[in-house]
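The values are calculated or read from the model by the stated rules, or taken from the named source; none is laboratory data. Since the structure is predicted, the reported quantities are computational estimates derived from the model, not experimental observations. Neighbour counts run over all protein chains shown; Cβ positions are idealised from the backbone, glycine included. These accessible areas exclude ligands, DNA and RNA; they are computed on the full protein's heavy atoms, side chains included. Shrake-Rupley method; radii C 1.70, N 1.55, O 1.52, S 1.80 Å.
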Amino acid sequence: QVQLVESGGGLVQPGGSLRLSCAASGSIFDINMMAWYRQAPGKQRELVAAVHSSGSTDYADSVKGRFTISRDNAKNAVYLQMNSLKPEDTAVYYCKAYLRLVTSLYQTYWGQGTQVTVSS
């Protein structure tokens, strides 16, 4: 069994910062990739940032230069530092992990999501 626990969301003013955290628990053999997605009301879920096992990262154009994704392999955790937040960043943010349990093949897992609201 795998559980992804997210934290760090909340209400912040434009120009402010938030740091999202996601920790994976279970009998994990390996985590190949972890990522953050977001979904605003009436919009499709979109990739915000991803970090791969090689350390390489990908970012949506809309967040480049403002957001930073990082990973702590020892804790099976991924973080998203969000700076210079804008109202258009308002969305539910989801953690995704592509990982392998000791007794299974690689699968994709999703967290429950955490709300980020940017408003004055």
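Quick notes on this one:
- Taking every DSSP bridge with both residues inside the chain, close to 95 percent are antiparallel.
- Among VAL48, VAL78, VAL92, the largest mean-square fluctuation in a Gaussian network model of the chain, built with springs joining Cα atoms closer than 10 Å, belongs to VAL92.
- Electrostatic dipole magnitude of segment 67-107 [Cβ: Lys, Arg +1; Asp, Glu -1; Cα centre; debye, to 20]: 180
- Accessible surface, the chain, averaged per residue in Å² (probe 1.4 Å): 54
- With a Förster radius of 30 Å applied to the C-beta separation of ASN73 and ARG45, the computed FRET efficiency comes to 0.70.
- Amide N proximity, segment 1-16 versus SER104 label position 7 Å along Cα-to-Cβ, cut-off under 19 Å: 1-6
- Annotation for ASP58 and ILE28: the two label points, set 7 Å from Cα along the Cα-Cβ direction, are 2.0 nm apart.
- Relative contact order computed over the chain (Cα-Cα under 8 Å; 6+ residues apart), in percent: 36
- With DNA, RNA and ligands ignored, accessible area of TYR79 (1.4 Å probe; Å², nearest 10): 40
- Lysines with Cα under 16 Å of LYS86, excluding same-chain neighbours fewer than 8 positions away: LYS64
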